[in-house]
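Input: a single structure, listed below in structure tokens.
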Amino acid sequence: MSAPDLTNPPRAASGEMAPTHLLGRLWREHVKAYWPRMIAALVLMTIEGATLGAAAYLIQPLFDQVLVTGNTAMVTWAAFAIAGILLVKAVAGFGQRMIIVSIGLKVVTELQARLLNHLLTLDGRYFQDHAPGALIERVRGDTTALQALASSALMTAGRDTIALVSLLVVMFATDWRWSLLALVGVPLMFFPVVALQRLIRGFTHAAREAASRLSTQMDEIFHGIQSIKVNRLERHQSEGFQSEVNRFLGQQRRAERSKAATPAMVDIMAAGACLLVLMVGGAEIVAGEKTVGQFMSFFTALALVLDPVRRLSNLSAQIQAGRASLERLYEVLNARPHIFSPASPKPIDTGDVSFDNVHFAYGDAAVLNGLSFTAEEGKTTALVGPSGAGKTTVFGLLTRLIDPVSGAVRIGGTATTEVDLPDLRDRIALVGQETALFDQSIHENIRLGRLDASEAEIRAAAEAASVLEFADALPDGLATPVGPRGSALSGGQRQRVAIARAMLRDAPILLLDEPTSALDAKSELLVQEALTRLSEGRTTLVIAHRLSTIRAADLILVMDQGRVVERGTHTELLASGGVYARLHALQSAGEGADPQGALDHADDTRPNKA
């Protein structure tokens with residue numbers, strides 16, 4: 001992975017959405033439903049903001065009528081008035097914050113659910129192009145960042161705008177000339193703030209991308225922890241992670257530095273304003289043209305106005321930072337699946353599975369080149385061949401995780417692209433090399449094969465797959481949690497749970513992707529027995545590297561470079577003396593400790609065939 005440029009913010013894509021479109025879409029799709037609460041929050045913001053102006057206004061009578069003239073009757077009134085204003089400010093501030101935070105949490109959780117639901121509709125290719133960690137960062141990291149920024153921005157826009165207006169009213173009511181002197185530096189901030197906005201958005205977007213890389217790397221480390229420890233790669237992985245952390249830190253620092261520059265400019269402007277007002281106002285007080293109370297009221301308003309001005313000047317920075325997260329979120333929501341059911345689907349019947357001159361490529365890399373074969377209904381067809389021959393792609397095409405570039409995949413004579421997608425997948429069960437178990441109980445993992453299955457059906461599937469053999473010995477039986485990714489079970493136990501799930505699914509087509517390759521001899525025997533029971537009466541396609549598991553297959557297809565180069569039964573292929581026979585000889589001689597490596601070697605010794 002090449003290191004990102006840490007000196008310049010990345011430029012936005014030419015097809016990016018305008019900020020008004022992004023914020024408008026967020027309002028329409030996620031926030032608009034909460035408009036009554038938003039109005040209530042706005043009312044409370046107005047009250048909270050107005051209290052600052054009221055407090056500044058009371059400073060004049062406090063000084064002129066209490067402290068200067070010594071009017072003791074006004075002391076209690078002024079004290080209770082100021083205390084009451086602060087109490088109202090506290091209650092209004094608490095109420096509007098709770099409303100805004102509550103809305104923000106609801107919006108972000110709904111957005112997270114929508115993102116996940118949308119991701120589940122996308123094709124398998126999308127997940128090949130986007131790492132799990134990066135997607136997790138978008139669903140969790142970007143939405144959480146957006147919620148924090150949006151809540152802060154809403155409170156700033158509402159409360160501080162009202163506060164600014166009320167304080168400016170006090171300032172201008174006291175002396176309009178002093179007010180103009182105090183605000184003379186505001187126009188000078190326009191161009192620097194615009195420049196900072198661009199920097200903030202660019203650096204924030206780069207920081208979110210860096211956070212995605214961090215999440216991806218952590219995902220890879222935690223999933224590969226066994227290999228890391230066995231190969232003593234802890235230091236190597238730690239150094240690599242630290243390098244990504246430093247990249248993230250560099251981008252985040254630049255984003256925060258740009259954000260901090262805006263309030264710093266406000267403080268510089270405030271210093272000049274205070275200098276001018278003190279010089280002019282002080283002279284007028286000495287000359288008797290203004291009272292001490294007027295000066296203190298004005299100066300209090302000027303001091304109080306700095307905080308809302310700082311926050312409002314930083315509001316554009318917050319919007320730019322939020323826009324970076326919004327863009328990343330809507331990139332996901334704008335992605336569309338390319339595989340879906342036809343407008344008028346045909347009924348799907350049981351029958352032979354056939355590939356008719358199928359071509360497929362990942363980008364410019366051709367994988368299948370005119371693949372043709374027929375797997376007869378109710379029989380077992382095995383696929384063998386070197387890495388990259390296209391075996392796994394066959395399964396992807398049959399389940400319509402991908403579609404062929406040309407040619408047709410048919411079931412019972414009907415092309416898979418012509419049938420309803422859910423109906424197609426309901427007819428297929430898959431048991432893979434990497435068992436997809438979830439952090440639930442054994443019972444729940446089996447039930448995923450058919451969610452409406454009865455308890456008796458689930459237990460029958462568990463018994464047929466030899467799951468009860470180990471589950472009944474556990475304290476909680478089938479209710480025992482399997483742990484994350486099935487980590488609480490052995491490899492053979494995980495495979496048997498997956499087989500029980502496939503049995504419960506009871507689909508007419510069964511796909512087996514080398515389900516015993518990582519098992520020891522005892523576990524392999526138990527799993528193979530369960531697979532034999534599962535295959536009975538089903539059209540079964542099995543990817544195999546270990547030839548001992550496919551001797552009884554009705555048809556064995558030897559694939560190479562996206563084509564079938566040999567076909568026949570185990571006995572017929574041995575007699576032909578081709579690739580399969582050489583592979584069998586290598587494995588029988590003990591050179592097949594790595595079955596796939598032996599297959600690649602056997603393929604290398606074979607003359608090239610078209």
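Under 18 Å from the mean Cα position of the chain (by Cα) and without any contact (Cβ under 8 Å) to a residue 12 or more places away in the chain: is that true of Ala83 in this structure?
No: the conditions fail for Ala83.
Any idea which of Pro337, Pro342 is within 28 Å of the chain's Cα centre (by Cα), closer than 23 Å to Leu421 by Cα and not in a helix (DSSP H, G or I)?
Answer to the selection: Pro337.
Could you list all residues from the range 287-306 that are of a type outside the set (D, E, K, R) and free of Cβ contacts under 8 Å to residues at least 40 places away in the same chain?
Once the filter is applied, which keeps residues that are of a type outside the set (D, E, K, R) and free of Cβ contacts under 8 Å to residues at least 40 places away in the same chain, the range 287-306 yields Ala287, Gly288, Phe295, Phe299, Ala303.
Can you tell which of Leu599, Leu526 is among the hydrophobic types (A, V, I, L, M, F, W, C), touching a helix residue (DSSP H, G or I) at 6+ places or on another chain (Cβ under 8 Å), at pLDDT below 80 and not assigned by TED's automatic domain parsing to the domain that holds Ile428?
Going through Leu599, Leu526 in turn, the sole match is Leu599.
Picking from Leu504, Leu510, which residue would you name as being outside any helix (DSSP H, G or I) and modelled with pLDDT of 85 or more?
Leu510
For the range 299-340, what are the residues that are under 22 Å from Val277 (Cα atoms) and either among the hydrophobic types (A, V, I, L, M, F, W, C) or modelled with pLDDT of 85 or more (or both)?
If the condition is that a residue be under 22 Å from Val277 (Cα atoms) and either among the hydrophobic types (A, V, I, L, M, F, W, C) or modelled with pLDDT of 85 or more (or both), then Phe299, Ala301, Leu302, Ala303, Leu304, Val305, Leu306, Val309 are the ones that fit.
Among the residues of the range 537-591 satisfying the criterion of being of a type in the set (Lys, Arg), in contact (Cβ under 8 Å) with a residue 40 or more places away in the chain and not in a strand (DSSP E or B), which is nearest to Asp356 (Cα to Cα)?
Looking at the filtered set, the residue picked out is Arg538.
Mind checking which residues of the range 158-183 are assigned to a helix (DSSP H, G or I) and among the acidic types (Asp, Glu)?
Asp160
Can you tell me which residue within the range 402-426, out of those that are in contact with a Phe, Trp or Tyr (Cβ under 9 Å, 6 or more places away or on another chain) and either more than 20 Å from Arg563 (Cα to Cα) or of a type in the set (Val, Ile, Thr) (or both), is surrounded by the fewest Cβ atoms within 10 Å (Cβ to Cβ)?
Val405
Considering the range 240-290 alone, what residues qualify as being at pLDDT 70 or above and either among the basic types (Lys, Arg) or outside the structural domain of Leu315 (by TED's automatic domain parsing) (or both)?
Result: Arg247, Arg253, Arg254, Arg257, Lys290.
With the condition kept exactly as written, say whether any residue in the range 552-564 is polar (S, T, N, Q), modelled with pLDDT of 85 or more and surrounded by 16 or more Cβ atoms within 10 Å (Cβ to Cβ).
yes
Sort through Ala453, Ala429 and tell me the only one that's in contact (Cβ under 8 Å) with a residue 60 or more places away in the chain and either crowded, with 21+ Cβ neighbours inside 10 Å or more than 29 Å from Thr374 (Cβ to Cβ) (or both).
Answer to the selection: Ala429.
From Gln128, Gln112, which residue is at pLDDT 80 or above and assigned to a helix (DSSP H, G or I)?
Answer to the selection: Gln112.
The values are calculated or read from the model by the stated rules, or taken from the named source; none is laboratory data. Nothing here was measured: the structure is a model prediction, and the numbers come from that model. As a convention, Cβ positions derive from the backbone with ideal geometry for all residues, glycine included, and neighbour counts pool all protein chains shown.
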